[in-house]
Amino acid sequence: MRGDNMREVPSSVVHQLLRFYATFVAAGSPIEVPFIPPIVREMVATGLLDLTCDRTVSITVFDKIAEIAIESLFCRCFQKYLMIKGANIPSLKEVLQAHKDWEIVNMQDQFAKSTISDSSPRQSTEIGREKEKQKSKNSSSMNLWDKMKGMGKKDKIKLKHTRDCMVEVLQNPKYYAMFSQFVKETHCEENLVCFESFLKLESRSRQRPDNMIPLSLERFLDTNVEDEDKDTPIPVVLAPLYMFFDQMFVKPESPFEVNVTHTLRKSIDVQLRNIKNSMIPISIFDPVIDHVLELLYVNSFLLFIKSRADE
């Protein structure tokens with residue numbers, strides 16, 4: 001029997017919920033809400049796992065994130081604003097007492113349970129330091145695509161239809177921009193967008209030195225490359241990101257649906273439907289990106305080479 005807070009949602013809402021997690025909750029996300037404790041992030045990620053099975057989710061799944069965002073606004077932004085205006089800085093308790101009708105009236109007690117109840121400026125500073133440390137740990141995954149493109153230093157590349165040349169183009173900012181524009185003009189953008197998104201997902205699940213190209217590109221150059229971590233289970237906090245990748249590129253009629261076989265699509269769907277109860281490997285989407293890179297190589301990159309044959 002479904003709990004009072006559980007709701008079945010349409011596919012469009014599933015997509016929006018996963019996008020919200022990928023944008024605001026996941027560590028290193030584009031607009032990450034500051035000071036999310038690991039236990040809260042894992043709790044939210046776990047609460048989203050049923051979306052792959054029966055599209056159910058608790059209506060309170062993101063409540064703790066909202067509370068943390070409000071706490072951060074009060075402790076950092078609002079206090080700084082009052083200081084600039086020369087106004088007195090009230091305590092969080094005073095604010096809550098003045099607004100007893102707010103739904104967040106019990107927020108202070110809830111934060112105490114999640115180890116972040118002390119809203120003093122000193123505590124905020126300490127949390128800020130921990131946040132900077134975490135940002136440093138995530139910097140390689142957050143900037144991987146920029147770093148990879150920066151590995152190609154040549155001003156001039158002799159374009160030819162080889163795998164080495166395509167990898168070189170993907171790493172060179174100037175030539176990548178030209179290739180990206182060409183792909184858009186030939187209406188094959190989904191493959192390149194899929195590749196970029198996969199790189200970010202791959203960087204979160206596989207730690208590699210900055211001077212090494214991504215494992216997906218290594219496999220593209222050499223199909224015999226070994227992956228010792230391929231059977232490593234997807235961590236809970238990354239599971240919604242894998243689910244979101246599926247929503248964006250693999251599911252039928254997804255926004256950037258790529259051209260993979262029905263058998264592969266079905267296999268991924270069956271695995272993800274049981275993501276809450278089984279150990280799904282981080283390599284689940286490797287066959288997808290391998291196929292996408294092949295499509296880019298035999299179609300888009302070949303046409304790109306021909307279009308610039310006179311250069």
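Listed values, structure above:
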quantity: Ordering of 175-188, 217-230 by burial proxy (mean other Cβ atoms within 10 Å per residue, highest first); calculated: 175-188, 217-230
quantity: Between region 149-212 and region 249-305, the alpha-carbon center distance in angstrom; calculated: 18 Å
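Every read-out reported here was derived from the displayed coordinates using simple, explicitly stated rules and does not represent laboratory data. Predicted model, so just to flag it, every value in this text is computed and none were measured. Cβ: placed from backbone, ideal geometry, glycine included. Neighbour counts: every protein chain shown.
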